[in-house]
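For reference, the structure discussed in these notes is given below.
No lab work stands behind these numbers, since they all come straight from the coordinates. Quick caveat: nothing in here was measured; it's all calculated off a predicted structure. Cβ sites come from the backbone with ideal geometry, for glycine too, and all protein chains shown count toward neighbours.
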Amino acid sequence: MAKKHSPYFQDFVAMADFSVQAAEYLQVVLEGFEVHRLAECRDAMHAIEHAEDEVKHDMMRRLAKEFVTPIDREDIIQLANDLDTVTDKIDDILIRVYMYNISQVRPAALAMADVILRCCKALHTAIVEFPNFHKSQTLTQAIIAVNTLEEEGDALYIAAVHELYLEGGNPIEVAAWSELFDRLEDCCDACEHVADALETVVMKNS
C-alpha cells in the first residue's frame, strides 16, 4: 500500500469521526431523554449525518478524476459506502424514535447505545491505523474488538426482544420497540461490515 498520507485515508478518518460523534450524541439523547426535544435532537443528529455525506461526496468527486489511487478504486468506494452506512444507521434511530412517538427509553436501549459507541470508537482506532497496517498490531486488535462488540450487541438484542415480548403490553409499543431494537442492532452490524471490509483490503495488499 502506497501513499500513507493520501487524502483518502484522511477522509476515512473524518467519516469515522462523524460516526463516533453520532454515537455519542445518540447516547446523550437517550440517557437524557426528553420527548419535547425529539424533533430538535433528530435534526441535530441529521446534521452530523449530512456533514459526513459531504466528506463522502468530495471523496467520490476526487476519485472520479484520479487514475492512481493508494488502494483499489473499488475498495475506496466500498469503505466509503460502509462507513457512511454506520452513521446513516445511527441517524435512523432518532428518526424512528420521533416517528413512533416514543415516550420513554427502555434500559436495554441504553445498553445497546453504549455498545454502539464502543463499536464506533474501536472502528475509529482501526481506521486511524489502516494506512500503517504492515506494522500495526493495533489495527488487528481494533478489528477483533469491533467483532467482539458486535457479538455483545447481538446478545443484548436477543435478550431485549425476548423481554419485550415476555412482558407483552400495548401491541403498538411492542411493535415500535421491536423495530427500534432491530435498528440498534443494525448499527453494530454496520460497524462489523466496515471492519470486515478493512480486513479484506489488508489481506489483498499484504
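When the helices (runs of 4 or more DSSP H) confined to the stretch 99-206 are screened for residues that are within 15 Å of the chain's Cα centre (by Cα) and basic (Lys, Arg), those reaching at least 2 such residues are found at 107-129.
Identify, please: which residue in the stretch 21-56 is over 20 Å from the mean Cα position of the chain (by Cα) and crowded, with 16+ Cβ neighbours inside 10 Å and is, among those, nearest to residue 113 (Cα to Cα)? By that ranking, first place goes to 33. Scanning the stretch 1-56 for residues that are outside any helix (DSSP H, G or I) and charged (D, E, K, R) yields 3, 4, 34. Within the stretch 57-81, the set of residues being in contact (Cβ under 8 Å) with a residue 12 or more places away in the chain and either crowded, with 20+ Cβ neighbours inside 10 Å or assigned to a loop (DSSP other than H, G, I, E, B) (or both) comprises 59, 69, 70, 71, 72, 76, 79, 80. Among the residues of the stretch 82-98, those identified as crowded, with 20+ Cβ neighbours inside 10 Å and over 12 Å from the mean Cα position of the chain (by Cα) are 94, 97. Cβ separations smaller than 7 Å between residues 6+ apart or across chains give the following pairs from the stretch 190-206 residues that are more than 16 Å from residue 19 (Cα to Cα) to residues that are of a type in the set (Asp, Glu): 197/82; 201/75. Checking each residue in the stretch 136-192 for being of a type in the set (Gly, Ala, Ser) and exposed (fewer than 13 other Cβ atoms within 10 Å of the Cβ) picks out 155, 168, 169, 175.
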